[in-house]
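Working notes, beginning with the structure itself.
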Amino acid sequence: MILTDKRILEEMQKGTIKIVPYDREDLGSNSYDVHLGSTLAKYVDVELDAKKHNEIECFEIPDEGFVLHPHEFYLGVTAEYTETHAHVPFLEGKSSTGRLGIDIHATAGKGDVGFCGNWTLEISVKQPVRVYKGMPIGQLIYFPVDGEIEVKYNQKGNAKYSGQPNKPVESMMWKNQF
C-alpha cells in the first residue's frame, strides 16, 4: 500500500512525515516531488576502494546549469530535508527525469523509518544533459509498515547516514566491518 496525497498531508499534520521546504504544488496523488539541491560532488580518486574513506569534492551548480556527462558518476542532494517516523520512504526518479536519461540512484532508493536528512542522489546519465539547481529530480513515496519498530534509523548507534546535510555525502562503506 502507498500513501495517498490526503494521507501524506494527515501524516505531516501528525508530525510522522516532515518535508522542508514544503510546497503543496509538489504533492501528487500518491507522491511528493523533490528537487535538485545546489551542490553536486565527484569522487577525488578514479579508483574507489570499499575499505577506504573515498573523498569527494563538492561544487555549486551555477545559475546557467551544469552539464553531466556519461561514464562519470555524480553525487547530488535533494533541496528538501525530510523526516519519516512511521513509514518507509522510497525515492524514485520522475518520468521527465528518466526521459532525459538521468538516473538518480544506483541502488539506494529505499529509506528507513526514522531517516532524517536530505537525500544523497547517485546520479548517472546516458548522454550529456544540463541540470539546474531547483529542478524537479525525483519523487518520494511512502509505504506504511506492519508491526512495531524496535529501533528507528535515527536512533541506531551505527546509522551512517542519519542527519545528512544539504550537501552530498560520500559512501560510508569503509565504516563496515568486513
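Brief remarks on what is shown
- Label-reachable residues, the stretch 1-25, where backbone N falls under 17 Å from a point 7 Å from residue 110's Cα toward its Cβ: 1-3
- FRET efficiency for residue 25 and residue 126, using Cβ-Cβ distance with R0 set to 30 Å, rounded to 0.05: 0.55
- Lysine pairs within the stretch 1-120, Cα separation less than 25 Å, 8 or more sequence positions apart or different chains: 14
- The stretch 53-130 - Rg over Rh from alpha carbon coordinates, Kirkwood radius: 0.99
- Note on the stretch 17-69: semi-axes of the ellipsoid equivalent to its C-alpha gyration tensor, largest first and rounded to whole Å, are 31, 17, 10.
- Overall form of the chain per C-alpha gyration tensor (a/c, 1.5; a/b vs b/c): oblate
- Candidates 46, 129, 20, ranked by Gaussian network fluctuation over the chain, Cα under 10 Å, top entry: 46
None of the figures in this text is laboratory data; all of them are computed from the coordinates on show. Not measured: the values here are computed from a predicted model. Cβ sites come from the backbone with ideal geometry, for glycine too, and all protein chains shown count toward neighbours.
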